[in-house]
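Take this structure first; my questions come after.
A short reminder: the numbers here are calculations on the coordinates, not readings from a lab. Here the structure is a predicted model, which is why all the values come from computation and not from measurement. Reconstructed Cβ throughout: ideal geometry from the backbone, glycine too, with neighbour counts over all protein chains shown.
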Amino acid sequence: MIILGIETSCDETAAAVVENGKRTLSSVVSSSLEFHKKYGGIIPEIAFRKQLETIAEIVDCAIKDSGVKLSEIGAVCVTGSPGLMGSLLVGLSFAKALALSLRKPLFEIDHLFGHLYAPLLTENTSVKLPAIGLVVSGGHTSLYYVRSFTDIKLLGSTRDDACGEAFDKVAKILGLGYPGGPVIEKTAVNGDPAAVKFACSNANAALDFSYSGIKTAVMYYAQKNKLGVYSKGKTSSEKKRITADVCASFQDKALGVLVDKTLAACEMKKVSSVLVGGGVAANNSLRDKFFKAAAISGLKVFFPSKANCMDNAAMIAGIGYHIAKKGRT
Ligand code: KG4
Ligand code: ZN
């Protein structure tokens, strides 16, 4: 079955055509990120106005790129939640109108389940289910029990900030810009992860997370050492070195807890496959940590391609295939 996926939950406008939940025939993503950068975060009003302007063109482009005719589309799948209200409405309204005009079924997809499905968007990847799923993005840090792609249960999530959000806030404190994840990863390469003793709270529950404490610890450290937004005048090479150490030390602890809790979930549920998705899954250090842990514990860990870690519509069309097969319109 050929599925058209539409995704507009945050700053992106995305459309994709995927065959049988595997073969990506096209995937187009347009982002309004450039317009938000100066505010240090996504401004919902700007996001949905840009989406209104671009959605028709993006869907058109995805159809043309795929080489299939609109009439060959078996179903339309669209992100229904979670996301920004105005942004979701743009995608949902467009998808509803299109499905109605084509007389095709419409399926509403959970954005986070799409992230969990992203590692499977490669033709030769097959995963033994049940699996433990970890979504680490700018808005979510959640562990799931994935019995099948139509039966996913939440096991734990963050009590406060999301992991990606903590990266974004720490980058802002250190004056490194937005989005924080990629720039912290880059800066951390020249730093020592053992230089500063940060710690990630245990969240008082085995499979929950907490990132606000470590973020605040970075803020106090930056205040004390006059780094980033607390620095006056030019950044000296000494301050650059300390900033690199702070990035490396923060990153090490912020990512380490993801691996520890995922392994704990695998043990609890007696499963040996792990699916990781969301923007933070693009981080090379996270991938290394997981692959090292997997080599010791015998787990199989699956990551999406770097592009499919970010918000896209192929993941929506991909998991949509399994939901469409069940016929839950
Ligand atoms: O999944 P995503 O594109 O959007 C949401 O659904 O939230 O994730 C965006 C988040 C941002 O917080 C960004 O800083 C983070 O993912 N991110 C990273 C990296 N690339 C993006 N975090 C750590 N390391 C990265 N390389
Ligand atoms: Zn996302």
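Report, by residue number, each residue of segment 214-240 that is under 11 Å from ALA166 (Cβ atoms) and surrounded by fewer than 17 Cβ atoms within 10 Å (Cβ to Cβ).
THR216
To continue, here is another question. Here's a check for you: in segment 255-279, which residue that is of a type in the set (A, V, I, L, M, F, W, C), within 12 Å of ligand 1 (Cβ to nearest atom) and out of contact with any Phe, Trp or Tyr (no Cβ under 7 Å at 6 or more places or on another chain) is nearest to ASN190 (Cα to Cα)? Break it down into steps so the answer makes sense when it comes.
Applying the first criterion (of a type in the set (A, V, I, L, M, F, W, C)) to segment 255-279 yields 255, 257-259, 263-266, 268, 271, 274-276.
Going one step further and asking which of them are within 12 Å of ligand 1 (Cβ to nearest atom), we end up with 255, 258, 276.
Narrowing the set further to residues that are out of contact with any Phe, Trp or Tyr (no Cβ under 7 Å at 6 or more places or on another chain) leaves 255, 258.
On the way: LEU255: 17, LEU258: 23 Å.
My answer is LEU255.
Out of VAL170, VAL183, report the one residue that is more than 16 Å from ligand 2 (Cβ to nearest atom) and surrounded by fewer than 22 Cβ atoms within 10 Å (Cβ to Cβ). Walk me through how you get there before you give the answer.
Numbers: VAL170 fails: surrounded by fewer than 22 Cβ atoms within 10 Å (Cβ to Cβ).
After ruling out the rest, the residue left standing is VAL183.
Next question. Mind telling me which of the residues GLY133, GLY114, GLY138 ends up being closer than 20 Å to VAL274 by Cβ and not in a helix (DSSP H, G or I)? First the steps, then the outcome.
Numbers: GLY114 fails: not in a helix (DSSP H, G or I); GLY138 fails: closer than 20 Å to VAL274 by Cβ.
Only one candidate qualifies: GLY133.
Can you tell me which residues in segment 241-294 are surrounded by fewer than 19 Cβ atoms within 10 Å (Cβ to Cβ), assigned to a loop (DSSP other than H, G, I, E, B) and out of contact with any strand residue (DSSP E or B) (no Cβ under 8 Å at 6 or more places or on another chain)?
Residue satisfying the conditions is LYS270 alone.
Where residues in segment 138-165 are among the acidic types (Asp, Glu) and surrounded by fewer than 17 Cβ atoms within 10 Å (Cβ to Cβ), which of them is farthest from ligand 2 (Cβ to nearest atom)? Talk me through it step by step, then tell me what you get.
Taking segment 138-165 as the starting set, the residues that turn out to be among the acidic types (Asp, Glu) are 151, 160-161, 165.
This time we only want the ones that are surrounded by fewer than 17 Cβ atoms within 10 Å (Cβ to Cβ), so: 151, 160.
On the way: ASP151: 21, ASP160: 18 Å.
Result: ASP151.
Would you confirm whether or not segment 177-197 contains a residue that is among the hydrophobic types (A, V, I, L, M, F, W, C), closer than 22 Å to ASP311 by Cβ and either within 16 Å of ligand 1 (Cβ to nearest atom) or part of a helix (DSSP H, G or I) (or both)? It would help to see each step written out before you state the result.
Pass one, segment 177-197, residues among the hydrophobic types (A, V, I, L, M, F, W, C): 183-184, 188-189, 194-196.
With closer than 22 Å to ASP311 by Cβ added as a condition, the list becomes 183-184.
Narrowing further to those that are either within 16 Å of ligand 1 (Cβ to nearest atom) or part of a helix (DSSP H, G or I) (or both): 183-184.
Checked segment 177-197: at least one residue is among the hydrophobic types (A, V, I, L, M, F, W, C), closer than 22 Å to ASP311 by Cβ and either within 16 Å of ligand 1 (Cβ to nearest atom) or part of a helix (DSSP H, G or I) (or both).
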